[in-house]
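**Q** Next up is a structure, given as structure tokens.
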Amino acid sequence: MAPRTVLEWTIVDFIHKGPWWTNRGILILNVMLVLPLLTSVTNGLDSSLINGLQILPEWQAFFGHPEGRDLGLIGFAQNLGCLLGLPFTPFISDHFGRRATLFVGSLIMLVGVGIQAAASSVGMFIAARITIGIGLTMCMNAAPLLLLELSYPTHRGKITSIYNSSWYIGSIISAWVCFGAYLHARGSVWSWRAPSLVQAFVPLLQALLVWFVPESPRYLVSKGMEGRASAILAKYHANGNDVRDPLVVFEIAQIRHALRMEEEINKSTSYFSLFSNPGNRKRMRIIIAIAMFSQWSGNGLVSYYINLVLEGVGVTKTETKAAINGCLQIFNFVIAASAAMLIDWVGRRTLFIVSNAGMLITFSGWTISTALYNTMKSAAAARATIPLIFLFYFFYDIAYTPMLVAYTLEILPYKVRAKGFAVMNLAVMLTSAFNQFINPWAIDAIGWWYYIAYCGWLVIELVFVIIFVVETKGRTLEETAAIFDGYDQQRDLMTMGGEAATMTMSRGVIGVHQSESEHSQERSPSKEYPEYHELQNRPQRFSDDGDSAVIKSRF
């Protein structure tokens, strides 16, 4: 039978027009999504706490001024817990759901925080950090998946980018809580126990409220609960309870068809399936690379050992180091959050390239200023180092902070999304462990010469992102994930959603009747999403007895 051409509606035709806060469903949904978003705040607080505690004399004295191997083990303990829990979290998240995983992870974290706040020895402190890490890795796997799969289509990129950017909110809280505890509890063990207790706030909030957040529609469809998935999308995406709304029909059709295609491509859903076909190998090459770049761009020097970096340029006062650390975290959050608002306008690829080029230039300047101070004791070089650190983080924050999680999740298909995300987190943890163990040893051994190795690595990063990172803006979640599987898969997804919505429109579900010429002239999505323009002008590849007929029979 000859191919046919059908003018289709796309998701752009059904999205909410006007300010999102005027749509009650989207407004309530975004308020609810704040809860899983707080997981990144917890991660930032927990990860930065050791950095802040190292500055406190009372913590140093209580634990016997740990250094070298002991200090490295204390810093690595949380990552060790994450590594222990990491292999199992994707299976829990895919089997029991995103909310249940977030709930259990929060409970485990609360146990760990209690042990840490009551720690009386280095061993007990390390055990607490390991327990926190196990709970945190469960939350870190489930929360961004819930955000990605539940958020409104045009908000997905911004919300998932804000997720990782929120890490700095926790880092800010950690820095300033440690600073405040130092000022108001000086000489007391509460100068470090109080900041430890602050860690319990978000896990307690999530454990109490997570069941009020709806489950991921993608998870529900994968478990055969399409009715519940449609009801959630109707309530929060379509601002009502009509599961026949064209936006709901479009999304459900794409989710269902994407899952069917994934079952054909990925015969199994084990970790091996992440590397079993060309499309997945392309995805994982990019994901593992940007995970490594997020830790090995030189940022690890400040993130974990700012005390050593500042002392390396002559900053020795506790108050000054704590203030610089706190101001840097605020600066990082402002830049990262601002960049998150730009990703759908500027594009992911452009931000990655600008970020890597900027980091290479500014880190080279940072290296030179540190070298001048250490070799010539130049006061001007020491003063220049601090603004160079801030400028370096400006470029780091415009890409790697907002997009590490967002870009990873959106290019992974549903069936392997949780496992691929776990591999990304594993890569981050391993490269982070390198920072925590090798950086202090290398700085002690060779000083500023160690910075030159990062300069060379930044050149490699820039070349990689120019060659391999692809643009993903202007696509639905399912269409973005299909980019790496070839043109036919992208076309299929657009057709499935468009035809299903077209059938709904033809049955008069909403009171809009336009001719095909009016639709093409007045509601063309090509201006807002140019990627659709190219694909829509190509011929359809479905016959009447193929997948299109299946979709018609279901709507």
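The values are calculated or read from the model by the stated rules, or taken from the named source; none is laboratory data. Just so it is clear, the model here is predicted, and its values are computed rather than measured. Glycine also receives a Cβ, built like all others from the backbone with ideal geometry; neighbour counts cover every protein chain displayed. With ligands, DNA and RNA removed, areas are computed over all heavy atoms of the protein, side chains included. Shrake-Rupley method; radii C 1.70, N 1.55, O 1.52, S 1.80 Å.
**Q** Scanning for something touching a residue at least 40 places away in the same chain (Cβ under 8 Å), crowded, with 17+ Cβ neighbours inside 10 Å and among the charged types (D, E, K, R), does region 44-53 turn up at least one residue?
**A** Yes, the conditions are met somewhere in region 44-53.
**Q** Sort out which residues of region 176-186 are open to solvent by 10 Å² or more (accessible area, probe 1.4 Å) and touching a helix residue (DSSP H, G or I) at 6+ places or on another chain (Cβ under 6 Å), and write them in order of number.
**A** TRP176, VAL177, PHE179, ALA181, TYR182, ALA185
So that you can scan it fast, the table gives a plain yes or no per residue for (1) at pLDDT below 90; (2) at positive phi:
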residue	(1), (2)
ILE15	yes, no
ILE28	no, no
VAL31	no, no
LEU37	no, no
HIS65	yes, yes
LEU80	yes, no
GLY97	no, yes
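**Q** Among the residues of region 369-404, write down those that are open to solvent by 10 Å² or more (accessible area, probe 1.4 Å), under 30 Å from ALA482 (Cα atoms) and hydrophobic (A, V, I, L, M, F, W, C).
**A** Residues satisfying the conditions are PHE395, ILE398, LEU404.
**Q** Based on what the data block shows, is ILE438 open to solvent by 10 Å² or more (accessible area, probe 1.4 Å), over 30 Å from GLY279 (Cβ atoms), aliphatic (A, V, I, L, M) and at pLDDT below 85?
**A** So ILE438 fits the description; yes.
**Q** Counting only residues that are in contact (Cβ under 8 Å) with a residue 60 or more places away in the chain and in a loop (DSSP other than H, G, I, E, B), which one in region 215-225 is nearest to LEU259 (Cα to Cα)?
**A** That would be SER216.
**Q** Tell me yes or no: at least one residue of region 400-416 is part of a helix (DSSP H, G or I) and in contact with a Cys (Cβ under 9 Å, 6 or more places away or on another chain). Outline the logic, then answer.
**A** The initial filter retains those residues of region 400-416 that are part of a helix (DSSP H, G or I), namely 400-411, 414-416.
Among the residues that remain, those that are also in contact with a Cys (Cβ under 9 Å, 6 or more places away or on another chain) are: none.
No; the residues of region 400-416 include none that is part of a helix (DSSP H, G or I) and in contact with a Cys (Cβ under 9 Å, 6 or more places away or on another chain).
**Q** Only one residue in ALA100, ALA127 is part of a helix (DSSP H, G or I), within 20 Å of the chain's Cα centre (by Cα) and of a type in the set (Gly, Ala, Ser). Which one?
**A** Residue meeting the stated conditions: ALA100.
**Q** Identify the residue in region 112-135 that is open to solvent by 50 Å² or more (accessible area, probe 1.4 Å) and touching a helix residue (DSSP H, G or I) at 6+ places or on another chain (Cβ under 6 Å) and, among all such residues, is farthest from LEU426 (Cα to Cα).
**A** So the residue we want is ILE115.
**Q** Just the residues that are open to solvent by 30 Å² or more (accessible area, probe 1.4 Å) and not in a helix (DSSP H, G or I), please, taken from region 54-82.
**A** Passing the criteria: GLY64, HIS65, GLU67.
**Q** Please tell me if THR408 is open to solvent by less than 10 Å² (accessible area, probe 1.4 Å), at pLDDT 90 or above, within 26 Å of ILE330 (Cα to Cα) and among the β-branched types (Val, Ile, Thr). Can you show your working first?
**A** Values: open to solvent by less than 10 Å² (accessible area, probe 1.4 Å): yes; at pLDDT 90 or above: yes; within 26 Å of ILE330 (Cα to Cα): yes; among the β-branched types (Val, Ile, Thr): yes.
Judged against the criteria, THR408 is a match.
**Q** Also, quick follow-up: Being assigned to a helix (DSSP H, G or I), of a type in the set (A, V, I, L, M, F, W, C) and surrounded by fewer than 20 Cβ atoms within 10 Å (Cβ to Cβ) is the filter here; which residues of region 13-34 pass it?
**A** Listed by number, the residues that qualify are TRP20, TRP21, LEU27, ILE28, VAL31, MET32, VAL34.
**Q** Quick check on region 187-214: of everything there that is open to solvent by less than 10 Å² (accessible area, probe 1.4 Å) and assigned to a loop (DSSP other than H, G, I, E, B), which residue is modelled with the highest pLDDT?
**A** Only one residue fits best here, namely VAL213.
**Q** On to the next question. Which numbered condition in (1) aromatic (Phe, Trp, Tyr); (2) in contact with a Ser or Thr (Cβ under 7 Å, 6 or more places away or on another chain); (3) farther than 27 Å from THR101 by Cα is the only one that TRP167 fails?
**A** (3)
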